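Chemist: For reference, the structure I am asking about is given below.
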């Protein structure tokens, strides 16, 4: 009768190599990859300002179009504030502790409208509706954008 092998397999422990020198960023990055700071490339757009006078049931669609004079591709993040009647902290919409009763208003957006762009610019839209705030309410739209611009020419732009 053959003998059973009762010897146990030796335990294998992983080998850990601790480098004696500190590894710098250059040691981690391939030579073809360059460290790029984009802080200087994030631009601030000019301010956009518009207004609409809305009666009960009235609505407005505010549109901001952002483009360059060279038709470069842009990407933008918009900062938008709506005000009722005048530009003041207490008149912001939506109003957090201010004087505007948001149950009388419908605000949708802002959103970037891909369907309305030419693939070089950015169109941002914001919809406002006066549900029951009364007649002749002036809504003021203020926007500004942080912008990245691609200045490399595209073959099929």
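Chemist: Just to confirm my filter: which strands (runs of 3 or more DSSP E) fall fully inside the range 88-150 and include at least 2 residues that are within 17 Å of residue 61 (Cβ to Cβ) and in contact with a helix residue (DSSP H, G or I) (Cβ under 8 Å, 6 or more places away or on another chain)?
Modeler: In the range 88-150, the matching strands (runs of 3 or more DSSP E) lie at 122-130.
Chemist: List the number of the failed condition for residue 111; all other conditions in (1) modelled with pLDDT under 90; (2) exposed (fewer than 14 other Cβ atoms within 10 Å of the Cβ); (3) more than 23 Å from residue 132 (Cα to Cα) hold.
Modeler: Looking at each condition in turn, residue 111 falls short on (1).
Chemist: Filter the range 86-108 for residues that are over 25 Å from the mean Cα position of the chain (by Cα) and surrounded by 15 or more Cβ atoms within 10 Å (Cβ to Cβ) and give the result.
Modeler: 98, 100, 104
The values are calculated or read from the model by the stated rules, or taken from the named source; none is laboratory data. Because the structure is predicted, anything quoted here is derived from the model rather than measured. So basically every Cβ, Gly included, is an ideal-geometry build from the backbone, and we count neighbours across all protein chains shown.
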